[in-house]
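The values are calculated or read from the model by the stated rules, or taken from the named source; none is laboratory data. On a predicted model such as this, the values are computed, not experimentally measured, just so you know. Neighbour counts run over all protein chains shown; Cβ positions are idealised from the backbone, glycine included.
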Amino acid sequence: MLHTSLSSNGIPLPTTAQYVGYLAETSAQSAAEGVAKRQFAQDGYLLMRDIIDREKVLDIREAYLRMFGETFVKNGDYRRGEFSGVAPEALPRHGFPGHPAHAFVRSEIFLNFVDSPEFRKLAEDLLGGPVERVRRTPLRHFIKGQKAASRAHIDRTYIDSRKDDFVTLWIPLGDCPVEAGGLVYLEGSHEDGSMEAIKEVAKTGAVPTDRPDDSRPITHDLRWMSDVTRKRWLMTNYGAGDVIAHSPVIVHASLDSASDLMRISTDVRFIRAGAPCDPRWQQDWSADDGH
Ligand SMILES: O=C(O)CCC(=O)C(=O)O
C-alpha cells in the first residue's frame with residue numbers, strides 16, 4: 001500500500017496490492033552480467049540505479065529549465081526544479097517549434113548527454129552486440145495539476161522493429177518520486193496473452209479511451225487495464241542517475257504529476273546495428289510530428 005493517492009490522465013488508480021507494486025531492482029553492476037540479462041528477458045525491463053553521474057543529469061535538468069526564465073522554478077534552484085507556479089506566457093505547446101523542449105533536443109549539451117557511453121554500453125549489453133542510437137529523442141516535461149500522462153501503450157505500436165532488435169532507455173532528468181509521475185509498467189505484460197486479451201475486448205469496442213481517433217494508445221484508464229489483465233502496475237521512486245531499460249512489447253504508461261518537483265525525462269532508443277530502422281524515427285523529435 002502506497003501512502004499517496006495516484007491517478008493517470010485524471011483517473012484514480014487504487015494504491016492497493018491488487019493494482020500496484022514496486023519494480024524490481026537489479027543487483028547487477030552492469031547489464032553485461034548474466035543476472036541482468038536474465039532479469040531483462042524475464043521482466044521485460046531492467047532498472048539500474050546510479051549508472052550515470054547524478055551531477056551530469058542535474059546539469060541537463062538545469063540547462064533545460066534555465067530556458068524558461070528566472071521565475072519558473074522555486075528559489076531559483078534549477079537543479080532541483082520545483083515549479084514556482086509561474087509559467088512563461090504565450091509559449092507554444094510542449095515540444096512544438098518555439099517551445100524550449102524543441103530547441104533543447106537539438107542542442108549540443110543534450111545530444112552529448114544522450115550519446116553518453118554508459119547508455120550505449122547498456123544497450124549493447126542487452127541486445128548482445130553493436131547498436132545505433134535512434135535519432136528521435138523526445139523530452140517529456142510534466143507539471144503538477146495537469147492531469148496529463150502517457151497512456152498505456154507498447155513501443156512497438158509506435159516504432160516498427162523486431163522485438164529483439166530494439167531497446168528503450170527511460171532516463172529521469174532529476175529525481176522522480178512516484179508522486180512526480182514517472183513511468184509505470186504492467187507486470188509481465190511483455191510475455192503472455194495480455195495483449196491478445198485486450199485485442200478481444202477492443203473488438204467489442206469496450207476499451208475506454210480519451211483518444212477515440214488514435215488507435216495507438218491502448219487506454220488512458222490504468223485501473224481498467226489492470227482489471228482486464230489481472231496485472232499490477234509496477235512503479236518506483238526514480239533518482240537522477242537511474243536508468244530503466246524496457247522491451248518494445250511491455251505495456252507502460254505514466255502517472256499524473258502531483259509533486260512540485262517537475263517530471264522531466266527523456267527516452268533514448270537503440271536498435272541493433274544493421275537492423276532496419278523506422279524512417280519516421282530518423283528525424284529529430286518535434287511534438288507536432290505525429291509519430
Ligand atoms: O515518459 C513518458 O511518459 C513516456 C515514455 C515512453 O513511453 C517510453 O519511453 O517508451
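From (1) farther than 21 Å from Glu82 by Cα; (2) more than 13 Å from the ligand (Cβ to nearest atom), pick out the condition that doesn't hold for Lys147.
Answer for Lys147: the failing condition is (1).
Quick one: what pairs do we get from the stretch 163-178, first residue closer than 15 Å to Asp115 by Cα, second near the ligand (Cβ under 10 Å from one of its atoms) and charged (D, E, K, R), C-beta under 6 Å, 6+ apart or different chains?
Note: pairs meeting the criteria are Thr168/Asp155; Thr168/Asp267; Thr168/Arg269; Trp170/Asp267.
Quick one: which of Ser226, Ser189, Ser259, Ser247 is among the small types (Gly, Ala, Ser) and within 12 Å of the ligand (Cβ to nearest atom)?
Ser247
Could you tell me which numbered condition Lys144 fails, if it satisfies all but one of (1) buried (at least 20 other Cβ atoms within 10 Å of the Cβ); (2) assigned to a loop (DSSP other than H, G, I, E, B); (3) basic (Lys, Arg)?
(1)
Scan the stretch 201-214 residue by residue and report those that are surrounded by 11 or more Cβ atoms within 10 Å (Cβ to Cβ) and either modelled with pLDDT under 80 or part of a helix (DSSP H, G or I) (or both).
Correct list: Val201, Ala202.
Take the conditions surrounded by fewer than 20 Cβ atoms within 10 Å (Cβ to Cβ) and more than 10 Å from the ligand (Cβ to nearest atom) and apply them to Glu124. Does it pass?
Spelling it out, Glu124 is indeed surrounded by fewer than 20 Cβ atoms within 10 Å (Cβ to Cβ) and more than 10 Å from the ligand (Cβ to nearest atom).
Checking the condition buried (at least 24 other Cβ atoms within 10 Å of the Cβ) and more than 9 Å from the ligand (Cβ to nearest atom), which residue from Leu173, Leu183 passes?
One residue alone meets the criteria, Leu173.
Which of the following residues is modelled with pLDDT under 95 and not hydroxyl-bearing (Ser, Thr, Tyr): Ala101, Ala123, Ala180, Ala87?
After applying the criteria, what remains is Ala87.
Can you tell me how many residues within the stretch 10-64 are over 22 Å from Ser265 (Cα atoms), touching a helix residue (DSSP H, G or I) at 6+ places or on another chain (Cβ under 6 Å) and assigned to a helix (DSSP H, G or I)?
0
Any idea which of (1) over 18 Å from the mean Cα position of the chain (by Cα); (2) assigned to a helix (DSSP H, G or I) is the one Pro97 doesn't satisfy?
(2)
I'd like the residue in the stretch 151-163 that is more than 12 Å from His246 (Cα to Cα) and surrounded by fewer than 19 Cβ atoms within 10 Å (Cβ to Cβ) and, out of all such residues, is farthest from the ligand (Cβ to nearest atom).
Arg162
State whether one or more residues within the stretch 264-272 are over 29 Å from Ala103 (Cα atoms) and surrounded by fewer than 23 Cβ atoms within 10 Å (Cβ to Cβ).
no
Answer yes or no: is there a residue in the stretch 52-71 that is β-branched (Val, Ile, Thr) and farther than 21 Å from Asp260 by Cβ.
yes
Residue-by-condition table, conditions (1) in contact (Cβ under 8 Å) with a residue 12 or more places away in the chain; (2) surrounded by fewer than 17 Cβ atoms within 10 Å (Cβ to Cβ); (3) not aliphatic (A, V, I, L, M):
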residue: Pro14; (1), (2), (3): yes, yes, yes
residue: Thr26; (1), (2), (3): yes, no, yes
residue: Ala41; (1), (2), (3): no, yes, no
residue: Glu70; (1), (2), (3): no, yes, yes
residue: Ser84; (1), (2), (3): yes, yes, yes
residue: Pro92; (1), (2), (3): no, yes, yes
residue: Ala101; (1), (2), (3): yes, no, no
residue: Asp115; (1), (2), (3): yes, yes, yes
